[in-house]
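In what follows, a single structure is set out as structure tokens and then discussed.
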Ligand code: PAF
């Protein structure tokens, strides 16, 4: 496995790998089993002939909250071990000044899917994600890229970006990886207090209850109210949003036979956790 810290090093390392399938997994580091799953999926897609590139870059431009950026866990040595053990060929690990010019002045904003859910409460977040992912696509020029479905809205927005900008890259969504107790793996889980860590699996449990209620014909507003009430009965927990939307448009469910998405963002103290579940009436 090779590690590139600059764009020039990256170009040189990727040159001999071009012409075959190349699968990119963008990450912000603090890699856990969820990321390892993305990396293994990428390795499988690339096959023995192709290559896997992982980026490890804590992108400051997508953080709307300076405290969240400052406290985001950083585990670079462990990240390199995870990448190596998952069969990554090249890791791109730039610093912010390598990635961004001080006087950068181009922004990249998706204007429909990013107005709701996390986009509504994290202004500028998805513009920062689109900008960095676009730059990574240009720098690496992969044939494919893998993103997790825990960040469902992010994946939907990146699919829209690829579609609307004719980016010749195939995106793959990877299923959410959970702990045995059902909590979706997240780099932020390590920041939970012991009490909130033991209470947090309630998110998944409430989503499963909601899924059954949806199949039984309950209304979107009753389902969302139930999830909110369950989570907010935990001391120190406050829901940012609980919304049931169309899984593709991320706006109000218009037709009952389309796939829906129930998405939750909740503050457990000062740690914001997200999770989601796809729902169908059938
Ligand atoms: O999902 C993430 O970790 C980040 O948003 C991504 C896609 C690596 C862009 O910084």
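With contacts taken as Cα pairs under 8 Å and at least 6 residues apart, region 212-282 reaches a relative contact order of 29 percent. The value obtained for region 4-71, namely the Cα convex hull volume divided by the number of residues, is 104 Å³ per residue.
Treating r as the C-beta distance of residue 246 and residue 180 and R0 as 22 Å, the FRET efficiency rounds to 0.10. Distance between the 7 Å Cα→Cβ label points at residue 172 and residue 20: 1.6 nm. Each listed q (0.09, 0.10, 0.11 Å⁻¹) maps to a log10 I(q)/I(0) for the chain from the Debye sum over equal C-alpha point scatterers, namely -0.44, -0.54, -0.66.
For region 17-42, list residues with backbone N below 19 Å from a point placed 7 Å from the Cα of residue 71 toward its Cβ? Counting backbone N atoms under 19 Å from the label point, the list is 29-31. Remark: relative contact order (the chain) = 17 percent; criterion is Cα-Cα distance under 8 angstrom and separation of 6 or more residues.
Simple spin-label estimate for residue 270 and residue 95 gives 2.7 nm between the two label positions (7 Å along the Cα-to-Cβ direction from each Cα). Diagonalising the gyration tensor over the Cα atoms of region 77-160 and scaling each eigenvalue by 5 before taking the square root yields semi-axes of 25, 18, 12 Å, largest first. With the gyration tensor restricted to C-alpha atoms of region 19-120, the semi-axes of the equivalent ellipsoid amount to 26, 17, 15 Å, longest first. Dividing the summed -39500 (n - 2.57) terms of all DSSP H runs of n ≥ 4 by the residue count of the chain sets its mean residue ellipticity at 222 nm at -11500 deg cm²/dmol.
Across region 62-218, the relative contact order, built from alpha-carbon pairs under 8 Å that are at least six residues apart, equals 19 percent. Seen against the Cα atoms of the chain and their longest principal axis, helix 202-215 is set at about 70 degrees. For region 56-112, the orientation-averaged shadow of the C-alpha convex hull comes to 5.9 nm² (one quarter of the hull surface). I need the Debye-formula profile for region 196-282: one equal scatterer per C-alpha, no solvent, reported as log10 I(q)/I(0) at q = 0.16 1/Å, two decimals. Computed log10 I(q)/I(0) values: -0.57. Stretched out straight at 0.36 nm per residue, the stretch from residue 78 to residue 106 would grow longer than its current Cα-Cα span by 6.7 nm. Nearest 10 degrees, 0 to 90: what angle lies between the long axis of helix 220-232 and the longest principal axis of the chain (Cα atoms)? The angle comes out near 80 degrees. Dividing the Cα radius of gyration of region 164-240 by 2.2 N^0.38 Å, with N the residue count, gives 1.41. Taking 0.36 nm per residue of sequence separation and removing the Cα-Cα distance, the residue 48/residue 219 pair yields an extension gain of 56.7 nm.
Note on region 197-241 and region 148-196: Cα centroid distance 19 Å, given to the nearest whole angstrom. Angle of helix 152-164 to the longest C-alpha principal axis of the chain, folded into 0 to 90 degrees and rounded to 10: 50°. Taking a point 7 Å from the Cα of residue 115 along the Cα-to-Cβ direction, the residues of region 245-282 with backbone N closer than 13 Å to it are 250-252.
Coordinate-derived values only; no laboratory data. Every value quoted in this text rests on a predicted model; they were computed, and no experiment measured them. In this analysis, Cβ positions are derived from the backbone assuming ideal geometry, glycine residues included, and neighbour counts consider all displayed protein chains.
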